[in-house]
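Engineer: The following block contains the structure, expressed as structure tokens.
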Amino acid sequence: MMKKKSSKTFRKKGILKKIGLGILGLFALFILFIGSVNIGLWGKIPSKKELSNFQYQMASEVFTADSVLIGKYYLYDRQPVAYEDFPEHLIHALVAIEDERFYEHSGIDIRSLVRVGFKTILLGDNSSGGGSTLTQQLAKNLYPRKERNKTNIVVNKIKEMIIAKRLEKIFTKDEIITNYLNTVSFGDNTFGIESAALKFFNTRTKDISAPQAATLVGMLKATYGYNPRIFPEKSLGRRNLVLRAMYNNDFITEEQVTKFSQEGLNLDYREFDYNAGIAPYFREEVRKEMLRWIAEQNDGDTDYNIYTSGLKIYTTLNYKMQQLAEEVMIDHMTKLQGSFEKSYGNNAPWLKDKKLMEKIAKRTPLYKRLQKAGLSHKQIIDSLTNDKQLRTLKSWEGDEEQMASTMDSIRHYTKFLNTGSLAVDPTNGNILVWVGGINFEQYKYDHISQSKRQVGSTFKPIVYTTAVDQGVSPCTYFSAEEIEYDNLKGWSPSNSGDKDEAYLNYSMEEGLSNSINTIAVKVLEKAGIDNVLQMAKKMGIEGELPKEASIALGTGELNIIDLAQAYTSYANYGKHIKPNLIKSISNHKDSVLVEFESKLNEKEAFSKETAQIMIEMMKSTVNSGTAARLRNTYGLKNDIAGKTGTTQNNKDAWFVALNPKLVHITWVGLDQHEIGFSNTSIGQGANAALPLFGLWMKELNKDKQFDSYTKATFSTPSAAVQEALNCEPVKRDGFFKRLFKNPNKKKSKKFKG
């Protein structure tokens with residue numbers, strides 16, 4: 001009996017021993033497995049040195065001169081902030097809901113792991129969470145899991161634990177919190193608490209309230225499911241759960257929980273979208289300028305990257321001025337577009353001119369792709385015309401979905417007027433306003449820096465300046481009579497006004513203020529074409545100009561920046577200044593890397609006396625000439641000089657305004673050069689372009705913060721200048737000529753310019 005019992009006992013002991021050895025074996029295998037992960041057999045694990053030297057990929061930020069954040073350049077939308085900028089309630093919210101024993105463990109929370117293992121494995125509760133500490137989550141943020149399948153989850157978890165232990169040895173708890181909040185994803189390509197605070201609440205991290213902090217921290221469990229913009233009710237419930245967790249951990253009181261839970265989400269959502277937001281054309285020009293600067297800097301020891309280095313770009317733009325300019329542009333262009341389309345009616349070229357539409361279609365990338373594929377012109381046009389699909393066609397009245405072909409879309413967008421508007425402070429070259437077009441998403445082409453158009457009568461002041469600076473008296477009289485120039489192939493510039501003006505003799509001031517073409521050509525003849533071209537260059541015009549008599553009427557093509565630079569010469573009494581869009585660049589730690597400052601050109605293009613004469617002439621343009629609408633329609637009483645411009649066949653409308661603190665240039669026209677305004681009444685500079693300045697200045701006048709610009713006055717001209725301008729504007733001695741001369745017969749002569 002005893003032997004039998006001993007045998008059974010022995011067998012039991014043997015089984016237990018085998019089980020024990022099996023468990024020990026599994027444990028040993030597990031230890032070996034952990035060791036293999038640790039030494040990198042399952043993929044490299046960063047060393048302590050690598051972990052201590054890791055760097056974020058940081059978005060570069062763009063600020064206005066008045067420190068408003070208007071844009072970012074990034075691969076990942078992230079702006080790191082220091083621990084000192086985290087409000088206490090933000091840290092409390094994070095610890096309370098994500099890792100309440102954060103300050104007790106050393107990277108791994110064993111209690112939490114046991115709890116999760118018991119609930120998940122034994123009880124099958126998948127809602128028990130992952131048991132990861134903040135330090136482990138930081139490890140995952142820094143080194144995201146490359147594979148998500150179940151076979152790798154154990155390896156990934158162990159890797160994160162090992163990295164977490166190393167992080168805890170390298171960094172303090174405050175530094176781990178800092179790194180975590182600067183790396184964690186909030187969805188929508190938004191990384192870090194600063195970017196999230198700006199996106200959802202339009203505020204900095206240091207200024208977020210306890211409910212806002214709880215909302216953002218609540219998103220971390222599921223960045224899409226608890227996104228307050230998409231699912232406000234779910235987000236609100238999650239926020240209140242975070243607030244309750246804060247109370248349970250003695251971070252806030254019962255009264256605070258009740259108070260905060262009753263608040264709404266109060267979102268102030270701002271998407272820093274490349275295509276949207278304020279000043280998109282300006283931001284794109286800043287980006288190009290930054291890429292040029294970075295290319296120069298990276299020739300040395302630096303390695304800046306506009307998308308990852310966290311640079312802070314402080315521009316010259318005035319936020320409020322830009323905002324008003326964009327609002328005014330939308331208001332004016334909406335009304336002008338309506339008048340433009342109505343003036344053409346059913347005879348509009350985009351509706352009737354089939355050849356023109358095919359010509360425009362040829363410029364599209366789709367046409368070129370089909371042509372490259374071997375299709376004939378007829379086949380391509382048939383395809384573009386007949387293949388209809390549901391499209392969204394944009395307009396000032398709103399978006400409209402309709403069945404439309406590619407040709408329908410081309411016709412639709414061909415008809416839209418576009419614009420470019422620039423304001424520069426001539427005292428320092430700072431660009432204050434930059435409106436490059438009507439819609440950046442639809443029209444990427446920038447009408448300030450990229451577009452070159454004939455400048456029309458806005459070039460005439462340069463012609464007059466050349467003549468005056470050579471000693472031609474402002475009281476020299478010129479006949480408005482039309483002349484046919486034999487040596488210019490019979491070219492005969494004409495005027496748009498009353499035919500009777502041909503029998504009048506105008507002073508230079510009156511000729512300019514009323515923009516009389518025939519007189520401009522005669523002034524050019526007196527000044528000399530070569531001298532005018534040299535003057536244009538001395539005034540800062542860098543673009544090529546034609547050496548032709550028609551330059552007096554502005555047939556030269558320039559961009560807005562060139563023209564603005566030239567006009568700064570008048571405000572600075574002979575010296576131009578280069579427009580500048582960036583004031584300074586700092587690194588992510590706010591250390592200034594470089595500052596930019598425009599300086600007046602050292603050499604005078606013309607004398608101070610000439611500048612005063614030209615300013616007085618252009619003031620007459622505003623007071624009683626072609627720009628008089630500023631006074632009688634918009635009621636502006638500011639000290640303003642200016643010049644309107646309209647090119648041949650009403651293709652381009654221009655207006656230039658200036659005072660001692662502002663040079664403002666506006667262009668309006670169509671991107672397709674073949675189409676102009678249907679008539680001068682609608683398409684002249686005074687009607688199409690001038691209102692963009694008039695409406696904008698009217699708004700500036702309402703705000704005292706702009707007094708330094710709106711109340712700036714030109715200095716009183718010297719006695720000599722006043723005397724030089726003291727003459728009758730018009731000599732009416734053509735009465736008898738009118739009686740005995742055929743008004744249609746033009747005088748013929750040679751141009752001697």
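The values are calculated or read from the model by the stated rules, or taken from the named source; none is laboratory data. As the structure is a computational prediction, the values presented were derived from the model and not from experiment. No Cβ is skipped: glycine too gets one built from the backbone with ideal geometry, and neighbour counts run over all protein chains shown. Accessible surface is based on the protein model in full, side chains and every heavy atom, while ligands, DNA and RNA are left aside. Shrake-Rupley method; radii C 1.70, N 1.55, O 1.52, S 1.80 Å.
Engineer: Does HIS673 satisfy being touching a strand residue (DSSP E or B) at 6+ places or on another chain (Cβ under 9 Å) and open to solvent by 50 Å² or more (accessible area, probe 1.4 Å)?
Structural biologist: Yes.
Engineer: While we're on this one: Looking only at the stretch 462-478, which residues are surrounded by fewer than 20 Cβ atoms within 10 Å (Cβ to Cβ) and of a type in the set (S, T, N, Q)?
Structural biologist: Of the residues in the stretch 462-478, the ones surrounded by fewer than 20 Cβ atoms within 10 Å (Cβ to Cβ) are 470-473, 475-477.
Those that are surrounded by fewer than 20 Cβ atoms within 10 Å (Cβ to Cβ) and of a type in the set (S, T, N, Q): GLN470, SER473, THR476.
Engineer: Suppose we keep only residues that are of a type in the set (D, E, K, R) and over 30 Å from the mean Cα position of the chain (by Cα) within the stretch 538-574. Which one would you say is most open to solvent (accessible area, probe 1.4 Å)?
Structural biologist: Our first condition is that a residue be of a type in the set (D, E, K, R); within the stretch 538-574, this holds for 538, 542, 544, 547-548, 557, 562.
Of the ones still in play, those that are also over 30 Å from the mean Cα position of the chain (by Cα) are 538, 547-548.
On the way: LYS538: 99, LYS547: 136, GLU548: 97 Å².
In this case the residue turns out to be LYS547.
Engineer: Can ASN240 be described as more than 32 Å from the chain's Cα centre (by Cα) and open to solvent by 20 Å² or more (accessible area, probe 1.4 Å)? Before you say what the answer is, go through the steps one by one.
Structural biologist: Working: more than 32 Å from the chain's Cα centre (by Cα): yes; open to solvent by 20 Å² or more (accessible area, probe 1.4 Å): yes.
Taking the combined requirement at face value, the residue satisfies it.
Engineer: Continuing with this model, one more query. I want to confirm something. Restricting to the stretch 563-594 and keeping residues that are hydroxyl-bearing (Ser, Thr, Tyr) and in a helix (DSSP H, G or I), which single residue is farthest from GLN55 (Cα to Cα)? Spell out how you get there, then give the answer.
Structural biologist: Of the residues in the stretch 563-594, the ones hydroxyl-bearing (Ser, Thr, Tyr) are 567-570, 573, 584, 586, 591.
Filter once more, keeping what is in a helix (DSSP H, G or I): 567-570.
On the way: TYR567: 47, THR568: 45, SER569: 47, TYR570: 50 Å.
So, considering only residues that are hydroxyl-bearing (Ser, Thr, Tyr) and in a helix (DSSP H, G or I), the one farthest from GLN55 (Cα to Cα) is TYR570.
Engineer: Also, I was wondering about something else. From LYS702, LYS737, LYS747, which residue is at pLDDT 95 or above and open to solvent by 90 Å² or more (accessible area, probe 1.4 Å)?
Structural biologist: On the way: LYS737 fails: at pLDDT 95 or above; LYS747 fails: at pLDDT 95 or above.
Just a single option satisfies the conditions, and that option is LYS702.
Engineer: Next question. Among the helices (runs of 4 or more DSSP H) confined wholly to the stretch 482-558, which include 2 or more residues that are closer than 19 Å to THR626 by Cα? It would help to see each step written out before you state the result.
Structural biologist: Working: elements: 508-513, 517-527, 529-538.
Filter on the stretch 482-558 gives 508-513, 517-527.
Engineer: Same structure again: What strands (runs of 3 or more DSSP E) completely inside the stretch 342-461 contain at least 1 residues that are buried (at least 20 other Cβ atoms within 10 Å of the Cβ) and aromatic (Phe, Trp, Tyr)?
Structural biologist: Working: elements: 389-393, 400-404, 417-424, 431-435.
Output list reads 431-435.
Engineer: Since THR64 meets every condition but one in (1) within 43 Å of the chain's Cα centre (by Cα); (2) modelled with pLDDT under 90, which condition does it not meet?
Structural biologist: Failing condition for THR64: (2).
Engineer: Among the listed residues SER620, SER584, SER598, identify the single one that is within 21 Å of LEU317 (Cα to Cα), in contact with an Asp or Glu (Cβ under 6 Å, 6 or more places away or on another chain) and either small (Gly, Ala, Ser) or open to solvent by less than 20 Å² (accessible area, probe 1.4 Å) (or both).
Structural biologist: Values: SER620 fails: within 21 Å of LEU317 (Cα to Cα); SER598 fails: in contact with an Asp or Glu (Cβ under 6 Å, 6 or more places away or on another chain).
Answer to the check: SER584.
Engineer: Among the residues of the stretch 300-341, write down those that are of a type in the set (Phe, Trp, Tyr) and either in a helix (DSSP H, G or I) or out of contact with any Lys or Arg (no Cβ under 6 Å at 6 or more places or on another chain) (or both). Walk me through it before giving the result.
Structural biologist: First, pick out the residues of the stretch 300-341 that are of a type in the set (Phe, Trp, Tyr): 304, 307, 314, 319, 340.
TYR304, TYR307, TYR319, PHE340, listed by residue number.
Engineer: Since ILE577 meets every condition but one in (1) within 23 Å of ALA657 (Cβ to Cβ); (2) out of contact with any Gly (no Cβ under 6 Å at 6 or more places or on another chain), which condition does it not meet?
Structural biologist: (2)
Engineer: Determine the pairs where a residue that is in a helix (DSSP H, G or I), located within the stretch 616-644, has a partner that is polar (S, T, N, Q) with Cβ atoms under 7 Å apart, the partner being 6 or more residues away or on another chain.
Structural biologist: Pairs that qualify, where the first residue is in a helix (DSSP H, G or I) and the partner is polar (S, T, N, Q), are MET617/SER513; SER620/SER513; THR621/SER513; ARG631/ASN623.
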